[in-house]
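Asker: The structure under discussion is supplied below as structure tokens; questions concerning it will follow.
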Amino acid sequence: VVTPDRAMAKQANGLTMGSPDAKVKVTEFADFQCPACASYWDQLEPYIIENYIDTGKVQMIYSPFSFLGRGQKWDESVKAAEAAYCANDQQKFWQYRDFIFANHNGENQGAYSRDRLLAFAKQLDLDETAFKECLDSNKYAQQVADDNTYADSQGATFTPSFLINGKIVNANELVQTIENALAE
């Protein structure tokens, strides 16, 4: 298990980071198995946090969009999203999300097996019994399904995609779209 070494946003609550008073709200639609999502997390997100989220200009909301594991007996996309919600029950969503992306190894390659999802929880010092019960109960299966419906309803067709002022953009367009929204 790779332990991520990165700074957290100064303000985080649930699946949201940044000030609720920020001028620009951005919703990120991402699949935990998506290579481009892992790349965004690794390369661009630290810049976004430092320059927009921690400065109070942007509030980022994470919305799982889990589709890359469809047809698999153990759907790693869905199960990773459910596990992240279970970590959120213990106020560790963003830290758990960092573990997921730090341990990304492609689509449907076993990076998010049950054992590995439990190992991430252990590394984060989560209450392992509560986490395991949450994950094994499928407590968040409907939430993850609802998240997919929401992403579809907002026009998301790829990951990562970002919703800003009703418009879906990709990671390459994110900074300019934020700048444009701040200038409005």
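Asker: Looking at this structure, is Q11 surrounded by fewer than 21 Cβ atoms within 10 Å (Cβ to Cβ) and of a type outside the set (G, A, S)? Steps first, answer last, please.
Answerer: Numbers: surrounded by fewer than 21 Cβ atoms within 10 Å (Cβ to Cβ): yes; of a type outside the set (G, A, S): yes.
Judged against the criteria, Q11 is a match.
Asker: What number of residues within segment 39-61 satisfy the criterion of being exposed (fewer than 15 other Cβ atoms within 10 Å of the Cβ) and outside any helix (DSSP H, G or I)?
Answerer: Count: 2.
Asker: Given (1) in contact with a strand residue (DSSP E or B) (Cβ under 9 Å, 6 or more places away or on another chain); (2) farther than 17 Å from R70 by Cα; (3) in contact (Cβ under 8 Å) with a residue 12 or more places away in the chain; (4) among the acidic types (D, E), where does D89 come up short, assuming only one miss?
Answerer: (1)
Asker: Can you tell me which residue within segment 22-38, out of those that are among the small types (G, A, S) and buried (at least 18 other Cβ atoms within 10 Å of the Cβ), is farthest from F101 (Cα to Cα)?
Answerer: Filtering segment 22-38 for residues that are among the small types (G, A, S) and buried (at least 18 other Cβ atoms within 10 Å of the Cβ), the one farthest from F101 (Cα to Cα) comes out as A22.
Asker: Would you mind telling me which numbered condition in (1) closer than 15 Å to N148 by Cβ; (2) in contact (Cβ under 8 Å) with a residue 60 or more places away in the chain; (3) over 12 Å from the mean Cα position of the chain (by Cα) N103 fails?
Answerer: (1)
Asker: Scan (1) open to solvent by 50 Å² or more (accessible area, probe 1.4 Å); (2) modelled with pLDDT of 95 or more; (3) over 11 Å from the mean Cα position of the chain (by Cα); (4) within 18 Å of L124 (Cα to Cα) for the single condition N88 breaks and write down its number.
Answerer: Only one criterion in (1) open to solvent by 50 Å² or more (accessible area, probe 1.4 Å); (2) modelled with pLDDT of 95 or more; (3) over 11 Å from the mean Cα position of the chain (by Cα); (4) within 18 Å of L124 (Cα to Cα) is unmet by N88, namely (1).
Asker: Quick test of your reading of the structure: E173 fulfils all but one of (1) of a type outside the set (S, T, N, Q); (2) at positive phi; (3) out of contact with any helix residue (DSSP H, G or I) (no Cβ under 7 Å at 6 or more places or on another chain). Name the failing condition by number.
Answerer: The single condition E173 does not satisfy is (2).
Asker: Which of the residues belonging to segment 1-38 are assigned to a helix (DSSP H, G or I) and of a type outside the set (A, V, I, L, M, F, W, C)? If you could, list the steps in order and put the result at the bottom.
Answerer: Start the filter on segment 1-38 by keeping residues that are assigned to a helix (DSSP H, G or I), which leaves 35-38.
Within segment 1-38, P35 is the sole residue that qualifies.
Asker: Of the residues in segment 152-184, how many are among the small types (G, A, S) and in contact with a Leu (Cβ under 9 Å, 6 or more places away or on another chain)?
Answerer: 3
The values are calculated or read from the model by the stated rules, or taken from the named source; none is laboratory data. A quick note: this is a predicted structure, and the numbers were derived from the prediction, not measured. Using ideal geometry, Cβ is built from the backbone for each residue, glycine included, and neighbour counts are taken over all protein chains shown. Just so you know, the surface numbers come from the protein's heavy atoms only, side chains and all, with ligands and any DNA or RNA stripped out. Shrake-Rupley method; radii C 1.70, N 1.55, O 1.52, S 1.80 Å.
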